[in-house]
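The values are calculated or read from the model by the stated rules, or taken from the named source; none is laboratory data. No experiment lies behind these values; they were computed from the predicted model shown. Reconstructed Cβ throughout: ideal geometry from the backbone, glycine too, with neighbour counts over all protein chains shown. Each accessible area value is taken on the protein alone, full model and side chains, heavy atoms only, with ligands, DNA and RNA left out. Shrake-Rupley method; radii C 1.70, N 1.55, O 1.52, S 1.80 Å.
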Amino acid sequence: MKHTDIKALLCEPDKYLDTQVTVCGWVRTARDSKNISFIELNDGTTLNNIQLIIEKDKDGIGELKDAMVVGASLKAVGKFIVSERNGYEMNIDSITLLGACPSDYPLQKKRHTLEFLRTIPHLRPRARYFEAVFAVRDQLSHAVHSYFHKNGYKYVHAPIITGSDCEGAGEVFRVTTQPWNAEYKEEGEYFAEDFFGKKAGLTVSAQLEGEMAAMGLGRIYTFGPTFRAEHSNTTRHAAEFWQIEPEVCFAEIDDIIEIAEDFIKYIIRDVMENCKTELEFFNQWVEKGLIEKLTNVVNSDFGKVTYTEAVEILKKSGKEFKFPVEWGCDLQTEHEKYLTEEYFGKPVFVVHYPADIKAFYMKQNPDGKTVAATDLLVPGIGEIIGCSEREADYGKLKAAMEKRGMKLEEYQDYLDTRKYGSVPHSGFGLGFDRAIMYVTGVQNIRDTLLFPRTVGSL
Ligand code: 4AD
Ligand code: MG
């Protein structure tokens, strides 16, 4: 169907002014005066609508009655002109109804609650809020690829079905075609007859495969869906979320922290340049001061504090935390919020966590207690990046795995990378959906995903 995008009309008006154009889209609002009808049409190419001016008794106008309905889809032909309000509009010659929209269309009102919109995920991309979210999601994805491509990283595709639990937190969704049968005497027998001949699940992180790829390609990144059967019913957890995981050889912890900061600033800058309309929308309706916040983020240094110092800061804060702080405890959301929102007032890397609360693969520090790991915490959300230098020493890695009771035979390939030409290397995982929350001010991860999957909800 030959037509012009509304974005093209509004972005390059001089090219189309006073010519006849065809547009297609959905009716956002429709109103009538005595002789003239007005339709605000949106086609998803831009947040902005084009106004159609229709003289009712003009010859050949077409099926106007069904077109003057919110949610109806139509094709309109007319002259693109400067409007009296200093914007642009179309003086319509003809309208063709593409799809009528009955009165039970749920998006009648201009503003709905986000809770309500979550009940109609199949229709919510037609709401302005979600048009803006998905535009930013798209731009941010491009920015991710652009950053790594420019910096010599190879984009690799790690498998989604895997036999290993990278984080060791037991949150793996099982993948099976084999119904359980009481005749199996033990697990091993059951899994042996399953599709892969062994226990399989959905990946919780592409890191282990990423490390193997980096060990030949030097610098790689993955960008794909990851799955965690976490029962955390929070605004920041999804069972299916997207993760960006670079892995860099010959990089130590301080190198990867520098890369992570550079990367975050790059992708934010890119969205600020390319999604101005959307960010203005979020700035006005979702998070007042958002643009100023992002400007500060790209123009100033992130904070950096050791875990041990962070614990001291929290203890001296005078705050009554629900979870008391002691060296060795995992930082809870309330602690993360205090550090990044109240104490630092900007993104902050917390570095060198106790080994006992972190995953097996992290580089063991000489103090024998901590690992070279860091989380990047940001105001409003908490952790958006989990990062570490990897343990490159075969013996130390094996010992960490044994200490956690891991089955070494399941990780033999991974251990091989430390056996054959091991090198210092580091990487991180950015929760992409959380990054979108941060850049847009959206408060719930469910509103960054097209079809969010969370515990109890599919
Ligand atoms: O901190 P995590 O668990 O780190 C890893 O998976 C490492 N293997 C990454 C690496 O070094 N390659 O997860 C990384 C990030 C978190 O910081 C968070 O932003 C996001 O993934 N994340 C989630 N996002 C949404 N829903 C969930 N359930 C998430 N779990 C983690
Ligand atoms: Mg983490």
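Quick rundown of the values:
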| quantity | calculated |
| --- | --- |
| Hits in the range 51-67 - residues which are open to solvent by less than 40 Å² (accessible area, probe 1.4 Å) and assigned to a loop (DSSP other than H, G, I, E, B) | I61 |
| Residues (within 16 Å of ligand 2 (Cβ to nearest atom), touching a helix residue (DSSP H, G or I) at 6+ places or on another chain (Cβ under 6 Å) and not in a helix (DSSP H, G or I)) located in the range 326-369 | D330, V348, F349, V350, H352, Y353, F360 |
| Answer from D262, D301 - the residue that is in a helix (DSSP H, G or I) and exposed (fewer than 15 other Cβ atoms within 10 Å of the Cβ) | D262 |
| Positions within the range 69-98 being part of a loop (DSSP other than H, G, I, E, B) and open to solvent by 40 Å² or more (accessible area, probe 1.4 Å), in sequence order | V69, E84, R85, N86 |
| Some residue of the range 306-323 being open to solvent by 30 Å² or more (accessible area, probe 1.4 Å), part of a strand (DSSP E or B) and more than 15 Å from ligand 1 (Cβ to nearest atom) | yes |
| Options E183, E189; residue that is free of Cβ contacts under 8 Å to residues at least 24 places away in the same chain and part of a loop (DSSP other than H, G, I, E, B) | E183 |
| So E383, is it surrounded by fewer than 19 Cβ atoms within 10 Å (Cβ to Cβ) and assigned to a strand (DSSP E or B) | yes |
| Per-region count, the range 16-37, residues under 15 Å from G87 (Cα atoms) and either without any contact (Cβ under 8 Å) to a residue 12 or more places away in the chain or outside any loop (DSSP other than H, G, I, E, B) (or both) | 1 |
| Subset of the range 242-252 that is away from ligand 2 (no atom under 15 Å from the Cβ) and open to solvent by less than 20 Å² (accessible area, probe 1.4 Å) - its residue that is farthest from T203 (Cα to Cα) | A251 |
| Among (1) in the same structural domain as Q139 (by TED's automatic domain parsing); (2) away from ligand 2 (no atom under 15 Å from the Cβ) - the single one G427 does not satisfy | (2) |
| Any pair with Cβ under 7 angstrom, 6 or more apart, that starts in the range 155-169 at a residue that is on the phi > 0 side of the Ramachandran plot and ends at one that is assigned to a loop (DSSP other than H, G, I, E, B) and more than 16 Å from ligand 2 (Cβ to nearest atom) | G168/R404; G168/M406 |
| Qualifying residue in the range 157-173 (condition: within 14 Å of ligand 1 (Cβ to nearest atom), part of a strand (DSSP E or B) and touching a Leu at 6+ places or on another chain (Cβ under 9 Å)) | yes |
| Odd one out for F130 among (1) buried (at least 19 other Cβ atoms within 10 Å of the Cβ); (2) within 16 Å of ligand 1 (Cβ to nearest atom) | (2) |
| Leading residue by the ranking (farthest from ligand 1 (Cβ to nearest atom)) among those in the range 405-444 that are at positive phi and more than 31 Å from the chain's Cα centre (by Cα) | G421 |
| Hey, M362 in contact (Cβ under 8 Å) with a residue 12 or more places away in the chain, farther than 19 Å from L331 by Cα and either away from ligand 1 (no atom under 12 Å from the Cβ) or open to solvent by less than 30 Å² (accessible area, probe 1.4 Å) (or both) or not | no |
